[in-house]
Amino acid sequence: MDTYVGFYARFNTLSKKDAAALLGADNLVGDVFEIIFDTNEEGETVAWMKNRFGSLVGFFDADTTRRLRILNAREWHLKAILSFVAFTDHPEPGHYWGEAAIICYSPVYEAEFTTFIEGLAPRIADGVRPDVDLGEQGAQQVIESGGLWSPTKTMPFPAKQQGTVIMKSRRKMSEKLIEQGRKGNKGCYVVSWLFLLLVVAGLLFGLKSCGVF
């Protein structure tokens with residue numbers, strides 16, 4: 001295809017410590033990430049997801065990196081939308097990973113696919129996994145609609161495996177409120193913090209009632 005490529009890809013993290021940020025409000029399901037390339041200690045080029053705050057939060061395997069490098073060589077725009085974050089407890093000490101919807105497109109149609117992503121991201125934030133492998137016909141529908149067309153077909157989450165838990169697959173209400181606060185809605189920002197404080201207070205009360213302290 002000479003205009004668009006889309007697919008879901010797994011990403012991994014370097015360590016539990018490095019993955020901690022993925023569980024916080026700086027990396028929300030439905031967030032749009034830049035894809036950049038970096039060289040690891042072995043001298044290999046690796047594709048990374050970079051969030052809007054400039055942090056590298058997850059990297060793709062060699063096959064996905066190779067595919068993205070080819071598209072990058074065409075000077076295409078490469079984006080990733082966070083779909084979910086998971087934890088697998090084996091091999092010890094376990095590791096965090098996840099999947100992202102990869103959206104790559106020719107700069108000729110930047111306006112159309114920017115609008116397309118703006119419509120796609122909120123659906124993913126709600127826990128939906130639209131099929132982003134559009135084919136030539138789907139890509140043409142995006143272009144002809146000015147980016148307003150969106151696929152109706154969806155993709156299932158990966159089959160559950162023993163020892164694996166999906167930690168986040170949609171935005172929580174508290175995260176939505178925090179995001180509204182970042183966009184300038186101060187009322188939502190205050191409400192989000194009050195909500196979090198109430199959750200903490202409820203947890204402490206429950207622990208005290210159980211005689212923990």
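Stretching GLU144 away from LYS183 to a fully extended chain increases their span by 11.0 nm, per 0.36 nm per residue minus the current alpha-carbon distance. In a shell of Cβ-Cβ distance under 14 Å around GLY146, excluding GLY146 itself, what net charge do Lys and Arg (+1) and Asp and Glu (-1) give? Computed value for this residue: -4.
Largest GNM mean-square fluctuation across GLY127, GLY98, GLY135, computed for the chain with C-alpha springs under 10 Å, falls on GLY135. Of the DSSP H helices in the chain, those that are both long (alpha-carbon extent of 15 Å or more along the helix axis) and hydrophobic (Kyte-Doolittle mean at least 1.6) are 186-209.
Which percent of the accessible heavy-atom area of the chain goes to carbon and sulfur, probe 1.4 angstrom?
After summing per-atom areas, the C and S share lands at 56 percent.
The 1.4 Å probe gives accessible areas that order THR64, THR39, THR152, largest first, as THR152, THR39, THR64.
Heavy-atom accessible area per residue, the range 1-154, 1.4 Å probe: how many Å²? Display every interim value, and only then the final one.
On the way: 7460 Å² over 154 residues.
So the range 1-154 comes to 48 Å² accessible per residue, rounded to a whole number.
With the whole protein complex present, ILE178 retains an accessible surface near 20 Å², based on a 1.4 Å probe.
The GluC sites (Glu not before Pro) of the range 28-90 that meet both conditions, a loop assignment by DSSP and at most 13 other Cβ atoms within 10 Å of the site Cβ, are GLU41, GLU42, GLU44, GLU75. For the residue pairs LYS50/LYS176; LYS17/LYS160; LYS16/LYS183; LYS153/LYS176, the alpha carbons lie more than 27 Å apart in LYS16/LYS183. Placing +1 on each Lys and Arg Cβ and -1 on each Asp and Glu Cβ, with no other charges, gives the range 1-148 a dipole about its Cα centre of roughly 160 debye.
Think of the chain as having a plus end and a minus end, set by charges on the Cβ of Lys, Arg, Asp and Glu; of LEU120, PRO158, SER174, SER174 sits farthest toward the positive end of this dipole.
Across the protein chains, with a 1.4 Å probe defining accessible surface, the residues TYR4, TYR109 rank TYR109, TYR4 from largest area downward. Counting only protein heavy atoms and using a 1.4 Å probe, the accessible area of VAL32 comes to about 60 Å². Dipole of the chain computed with +1 at Lys/Arg Cβ and -1 at Asp/Glu Cβ about the Cα centre; of LEU134, TYR105, LEU22, farthest Cα towards the positive end is LEU22.
The values are calculated or read from the model by the stated rules, or taken from the named source; none is laboratory data. Since the structure is predicted, the reported quantities are computational estimates derived from the model, not experimental observations. Glycine also receives a Cβ, built like all others from the backbone with ideal geometry; neighbour counts cover every protein chain displayed. Side chains are part of the model used for accessible areas, which takes the heavy atoms of the whole protein and leaves out ligands, DNA and RNA. Shrake-Rupley method; radii C 1.70, N 1.55, O 1.52, S 1.80 Å.
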